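The values are calculated or read from the model by the stated rules, or taken from the named source; none is laboratory data. Quick caveat: nothing in here was measured; it's all calculated off a predicted structure. Note: ideal-geometry Cβ built from the backbone for every residue, glycine included; neighbour counts use all protein chains shown. Surface accessibility is based on the protein's heavy atoms, side chains included, excluding ligands, DNA and RNA. Shrake-Rupley method; radii C 1.70, N 1.55, O 1.52, S 1.80 Å.
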Amino acid sequence: MFPALSLPVLAGGTRDISKPKDGLEWMLVLVYRGKHCPLCTTYLQQLNSTLPDLNAQGVDVVAVSADSRDRALAQMADVDPKFDVAYGLTIPQMQEMGLYISSPRNGMDVEAPFAEPGLFVLDNAGVLQIVDISNVPFARPDLAWIAKGIGFRRGPMKDAPVNGTYA
């Protein structure tokens, strides 16, 4: 199961990033490195273009980083996100999510340890259906393929066990 984590969002207030909102059924949580990462900015821009397909499938989306509110706002000026952006991810929360964590020496213009990329797709019961965790910014799944995979998982494969759950 994905941990229930409550984080502040740029739009105001806080939200549990493990639960979809607005009547949507599934959740995509995308962890990005932060303002210092130009690849993250590009990836989040790509997420904007994939968002209509995800929302049409009933998938809510939130992007998350360890950045402060000010740093997240500065980066989102270049992204113009159509999805929620959470900030302030702590080291214990990163660890709870199973993410790789880098120190400031692994990036330029970095003020504190930060999470390396992660992508988590949860179904309506909170069960992880898709997980991708990386230790580098340039190894990330294609978001259009993730959207197609969600459609496949919710369609022809809806009754199959989650991959990787052999016991």
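General observations
- In the set (1) out of contact with any Pro (no Cβ under 6 Å at 6 or more places or on another chain); (2) in a loop (DSSP other than H, G, I, E, B), the condition left unmet by Val110 is number (1).
- Some residue of the range 127-139 being open to solvent by less than 80 Å² (accessible area, probe 1.4 Å), in a loop (DSSP other than H, G, I, E, B) and touching a helix residue (DSSP H, G or I) at 6+ places or on another chain (Cβ under 6 Å): yes
- Selection from the range 145-161 of residues that are open to solvent by 50 Å² or more (accessible area, probe 1.4 Å) and either modelled with pLDDT of 95 or more or not in a loop (DSSP other than H, G, I, E, B) (or both): Trp145, Lys148, Phe152, Arg154
- Exclusive hit being out of contact with any helix residue (DSSP H, G or I) (no Cβ under 8 Å at 6 or more places or on another chain) and either within 14 Å of Tyr32 (Cβ to Cβ) or at pLDDT below 95 (or both), set Pro104, Pro81, Pro117: Pro104
- Annotation: of all residues in the range 94-103 being in contact with a strand residue (DSSP E or B) (Cβ under 8 Å, 6 or more places away or on another chain) and open to solvent by less than 80 Å² (accessible area, probe 1.4 Å), the one that is farthest from Asp132 (Cα to Cα) is Ser102.
- Qualifying residue in the range 78-90 (condition: free of Cβ contacts under 8 Å to residues at least 24 places away in the same chain and either surrounded by fewer than 16 Cβ atoms within 10 Å (Cβ to Cβ) or not in a helix (DSSP H, G or I) (or both)): no
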